[in-house]
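The values are calculated or read from the model by the stated rules, or taken from the named source; none is laboratory data. In this text, all values refer to a predicted model and were calculated from it rather than measured experimentally. Here the Cβ positions follow ideal geometry from the backbone for every residue, glycine too, while neighbour counts run over all protein chains shown. Side chains included, ligands, DNA and RNA excluded: accessible areas come from the protein's heavy atoms. Shrake-Rupley method; radii C 1.70, N 1.55, O 1.52, S 1.80 Å.
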Amino acid sequence: MDYDVVIVGAGIVGLATAARLSATRSVLLLERHDGICRETSSRNSEVVHAGIYYPPGSLKARSCVRGKELLYARCEKHGIEAPRVGKLIVALDAEEAQRLDELEARASANGVSVERVGRGVLQARGVPGIEALWSPSTGIVDSHRYAASFEAEARAQGADVVFETEVLSAERVPGGFSLTVQSRGEQLVMRAAAVVNAAGLGQDRLSAAVGIDVDEAGYRQHPCKGSWFTISPRHRGRLDTLVYPVGSAGGGGLGVHLCLDVGGGMRLGPDWAWVDGPPFDLRVDPGKRRAFWEVGRRLLPWLEEADLSPDQSGVRAKLVPGPGLFRDFVLAEESARGLPGWVTVAGIESPGLTAAAALAEEVEGLL
Ligand SMILES: Cc1cc2nc3c(=O)[nH]c(=O)nc-3n(C[C@H](O)[C@H](O)[C@H](O)COP(=O)(O)OP(=O)(O)OC[C@H]3O[C@@H](n4cnc5c(N)ncnc54)[C@H](O)[C@@H]3O)c2cc1C
């Protein structure tokens, strides 16, 4: 065997896993692009989620809460910006306030501290609404530096991190797996005792390549695009916390909300739309501006339509074909499918950035 473990995909999950596993194993991390985090891991809201929304006991809930702790500790150690700006989940009327009850109960079941705040607190913060849940442990993070810290750690521990190398196919061989890769115009074959499929949106293609029936396994992905609009810098500093609606949480995401970044920028988004691909059309449709403004001004009454301009988009690796359906993150060691040592990481939509370090621990446990 050339390596103990080959990890496919240098998004946040592959990177965190490489850092974790390279402490005790020989690791090769393969990425088809020319650097780390060129897909979903650089196209998200950079929110450190608290763990409020997910069903108690689910991997999403557990890995979010644990991942959040690991993230803050790591950022503190490495001097990476990860301010706990907190988050308000705002109810605009009595019906929405009832939904706050459900979220409060769920947060408590997940071990997440939240506080109920009234109109006075919202007014003082310049936010409309009759009531809100205040989540003090929610934050934002410089996600690129966070990801780069895992790459540096993996390399320092002896891992090989190789870019512009795509895994084309994989097969079981005695004692492990043989991978055929396309690397800078050359086709190569390499062997590893274990493989972690952390290929994000490429997960189902790689699963199929090793012979997994993705429909039978429930690994078929249904990509769901989210777009953001930037808010004019003239409003910088108006708000110092994240502001989410409570009303629309049953859709493809948490509802279009106010995002802040560590540089002080403000964005609205992401929305959701199930899309075809790969390949994906990542352009943001400027024609959505009116719809974003109409949703956004409910929470940000000072917002004018002209304040919004198209920002970026990202694609969620969902395992469900439409809104309102729940699937947990999937982490599976595939012995039961005759592939001992092959680990599938699937459906890592939000809160995957927050959860990544905890997912890496789980992958290590599976191996
Ligand atoms: C709109 C949106 C908003 C989000 N907001 C948040 C948020 O605020 N907070 C949060 O915690 N999470 C958020 N997320 C979720 C988070 O971004 C993802 O869960 C996380 O980035 C997934 O990381 P990953 O490593 O699994 O996948 P990716 O980042 O997609 O990495 C997979 C990598 O595998 C590579 N690859 C694929 N196939 C192959 C192959 N055959 N050979 C070699 N390389 C391959 C790809 O090039 C890619 O780089 C959001 C996601 C979206 C889309």
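Among Gly226, Pro351, Val141, pick out the residue whose Cα is farthest towards the positive end of the charge dipole of the chain, where Lys and Arg carry +1 and Asp and Glu carry -1 on C-beta, about the Cα centre.
Highest projection toward the positive end goes to Val141.
Would you mind calculating the relative contact order of region 29-104 from Cα pairs under 8 angstrom and at least 6 residues apart, reporting the percent as a whole number? Provide the component values of the computation, followed by the final result.
Numbers: 27 pairs, mean separation 15.1, N = 76.
Answer for region 29-104 is 20 percent.
Tell me, what % of the accessible area of the chain is carbon and sulfur with a 1.4 angstrom probe? Intermediate values should be presented prior to the final figure.
Working: 7240 of 14980 Å².
Ligands and nucleic acids excluded, carbon and sulfur reach 48 percent.
Helix 59-78 versus the longest principal axis of the chain: what is the Cα-based angle in degrees, 0 to 90, to the nearest 10?
Around 90 degrees separate the two axes.
Compute the Cα gyration tensor for region 154-197, then decide on rounded, prolate or oblate, letting a ≥ b ≥ c be the square roots of its eigenvalues: rounded whenever a/c is under 1.5, prolate when a/b is larger than b/c in the other cases, and oblate in all that remain.
Values: a/c = 2.36, a/b = 1.10, b/c = 2.14.
Here region 154-197 falls in the oblate category.
Select from Val262, Ala192, Ala61 the residue farthest towards the positive end of the dipole of the chain; place +1 on Cβ of Lys and Arg, -1 on Cβ of Asp and Glu, and compute about the Cα centre.
Toward the positive end, the furthest listed residue is Val262.
Rounded if a/c is under 1.5, else prolate if a/b is larger than b/c, else oblate: which is region 53-106, with a ≥ b ≥ c the root eigenvalues of its Cα gyration tensor? Spell out each step's value before the answer.
Values: a/c = 5.42, a/b = 1.73, b/c = 3.14.
The shape class here is oblate.
Using the basic label-point model (7 angstrom from Cα toward the beta carbon), what is the Glu304 to Val189 distance in nanometres?
6.6 nm
To the nearest 20 debye, what charge dipole does region 109-201 have about its Cα centre, counting +1 at the Cβ of each Lys and Arg and -1 at the Cβ of each Asp and Glu?
Working: 8 positive and 10 negative charges, 69 e Å.
Result for region 109-201 is approximately 340 debye, rounded to the nearest 20.
Round to the nearest 10 and give me the degree value, 0 to 90, for the angle of helix 12-21's Cα axis relative to the longest principal axis of the chain.
Orientation of helix 12-21: about 50 degrees from the principal axis.
Residue separation times 0.36 nm, minus the C-alpha to C-alpha distance between Arg38 and Glu81: what's the value?
Working: separation 43, 0.36 × 43 = 15.48 nm, distance 2.05 nm.
Residue separation times 0.36 nm, minus the Cα-Cα distance, leaves 13.4 nm.
Given the options Asn44, Pro279, Phe163, identify the residue whose Cα lies farthest towards the positive end of the charge dipole of the chain (+1 on Cβ of Lys, Arg; -1 on Cβ of Asp, Glu).
Asn44
With every protein chain left in place, what is the accessible area per residue of the chain in square angstrom, probe 1.4 Å?
Values: 14980 Å² over 367 residues.
Result: 41 Å² of accessible area for each residue.
Just how many pairs of Lys in the chain have C-alpha atoms closer than 18 Å, counting pairs that are eight or more places apart or on different chains?
Taking the chain as the scope, the lysine pair count is 6.
For Ser232 and Asp160 in one chain, what is 0.36 nm times their gap in residues minus the Cα-Cα distance, to one decimal in nm? Don't jump to the answer; show the numbers that get you there.
On the way: separation 72, 0.36 × 72 = 25.92 nm, distance 4.22 nm.
Full extension of this stretch gives 21.7 nm more.
Post the alpha-carbon centroid distance, region 294-357 to region 75-135, in whole angstrom.
Using only Cα atoms, the two centres lie 21 Å from each other.
Taking only Cα atoms, what is the 0 to 90° angle, nearest 10, from helix 352-366's long axis to the longest principal axis of the chain?
For 352-366 against the chain, the angle is about 30 degrees.
Quick check: residue separation of Glu115 and Leu325 times 0.36 nm, minus the Cα distance between them. What number comes out in nm? Intermediate results must be reported in sequence, preceding the final value.
On the way: separation 210, 0.36 × 210 = 75.60 nm, distance 2.75 nm.
Separation in residues times 0.36 nm, less the Cα-Cα distance, equals 72.8 nm.
Between Asp2 and Arg297, with labels modelled 7 Å along Cα→Cβ, what's the label distance in nm to one decimal, could you check?
5.8 nm
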